[in-house]
Amino acid sequence: MKLKLKTVFLLYFMVSLMGLVYALMQLGQRCDCREHDLPKDRTISQLRGQLHKLQEEMKKSEPTKASKKTNLPTIYVITPTYARLVQKAELTRLSQTFLHVSQLHWIVVEDSAHKTPLVRDFLAASGLTYTHLHMLTPKDRKLQEGDPSWLKPRGAEQRNEGLRWLREMAAAAGGSGTPIENAVVYFADDDNTYSLQLFEEMRQTEKVSVWPVGLVGGMKFERPVVENGKVVRFHTGWRPSRPFPIDMAGFAVSLKLVLANPEARFDGDAQMGFLESSFLQNMVTMEELEPKADMCNKVLVWHTRTEKPKMKREDALVKQGLGSDPNVEV
Ligand code: UDP
Ligand code: MN
């Protein structure tokens, strides 16, 4: 009985061992899997076929897409900007609006003796098509600490530098070509608020297009008054007799008109409220203005102004040598 049990165990052990050895040998071997791989192969080749078709269709549709894109008039946006605590915040807000606008070329003009690393790095990472320029406002034309903001025009030299670049670029391109034909120039300060609709309104501009500006000139809005499709006067609370009582944010000019008027520029010495007129008055008449934004019934841009941040606590900490790390860009 004892012996029999031992034999049974031995037999059982031998059979299990053989089974294990066989299983291990099978593991490393290629099987003849043709049979059950056939449906898989068929699916793969079907998918390949579909992919090829899709690629062909994409190739076919690409030229039409590209030509549509380039047919859209380019909007050149000129933005003067200067170093201050809120600069990066302003540029961030602005750039993230512009990222939603097609065919937009941002011309950023720093009011500084050199291009700053902050703006340079910011633009490089912005994802926008841009040109980075700089033009320092001469000291006698610049607002000094404590001056009321209306005392001197701001951003005039920088806008002129943007215009200079545009004229030079156009001359280099021979005055024709897609970036120039039908292109539009808009002056967008870095602190205003722009709706996306505004850019589609200005995109078709023959000479000068105009629209209302919200929260400006001590008013809820200022606007050109339109009768029978034409601008007949301006709704403003101050000196409506100015040639063009329009805020900088309230008009766009065709690049063609800028090129046809090589002398047109902003007069940095212009009297308060006359900066826009100094640029527009020899280029266009009131009757020629093209009213946009539902015949100037919609506010699509706001002359917002950013509060200067208070640095009381920072200054106190700096005195104790505990100021915020200067290596962190704000
Ligand atoms: N600006 C500038 N240098 C200055 C002050 C202002 O380049 O010394 C720019 C500013 O960044 C803005 C535009 O000029 O894009 C208009 O300035 P601001 O917004 O201060 O004018 P406001 O709204 O008071 O008319
Ligand atoms: Mn402003």
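The values are calculated or read from the model by the stated rules, or taken from the named source; none is laboratory data. Note that this is a predicted model, so its numbers are computed, not measured. Positions of Cβ are backbone-derived with ideal geometry, glycine not excepted, and every protein chain shown enters the neighbour counts.
A few comments on the model shown:
- So E329, is it in contact (Cβ under 8 Å) with a residue 40 or more places away in the chain, within 27 Å of the chain's Cα centre (by Cα) and surrounded by fewer than 18 Cβ atoms within 10 Å (Cβ to Cβ): yes
- Condition met for V210 (assigned by TED's automatic domain parsing to the domain that holds F187, in contact with a helix residue (DSSP H, G or I) (Cβ under 7 Å, 6 or more places away or on another chain) and in contact (Cβ under 8 Å) with a residue 60 or more places away in the chain): yes
- Filter pass, A188 being in contact with an Asp or Glu (Cβ under 9 Å, 6 or more places away or on another chain) and within 16 Å of ligand 1 (Cβ to nearest atom): no
- Any hit, the stretch 123-135, residues being assigned by TED's automatic domain parsing to the domain that holds D189 and within 16 Å of ligand 2 (Cβ to nearest atom): no
- The residue of the stretch 291-320 that is nearest to R203 (Cα to Cα), among those that are of a type in the set (A, V, I, L, M, F, W, C) and in contact with a Leu (Cβ under 8 Å, 6 or more places away or on another chain), is A293.
A quick yes/no check of all residues on (1) touching a Cys at 6+ places or on another chain (Cβ under 7 Å); (2) assigned by TED's automatic domain parsing to the domain that holds R154; (3) more than 16 Å from ligand 2 (Cβ to nearest atom):
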residue: M283; (1), (2), (3): no, yes, yes
residue: M295; (1), (2), (3): no, yes, yes
residue: E307; (1), (2), (3): no, no, no
residue: K310; (1), (2), (3): no, no, yes
residue: K319; (1), (2), (3): no, no, yes
residue: S324; (1), (2), (3): no, no, yes
residue: V330; (1), (2), (3): no, no, yes
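- Restricting attention to the stretch 141-156, the residues that are more than 16 Å from ligand 2 (Cβ to nearest atom) and under 15 Å from A113 (Cα atoms) total 1.
- In the stretch 146-168 there is at least one residue matching the filter, namely being without any contact (Cβ under 8 Å) to a residue 12 or more places away in the chain and more than 16 Å from ligand 1 (Cβ to nearest atom).
- The sole residue among L118, L123 that is in contact (Cβ under 8 Å) with a residue 60 or more places away in the chain and either within 21 Å of A264 (Cβ to Cβ) or not in a loop (DSSP other than H, G, I, E, B) (or both) is L118.
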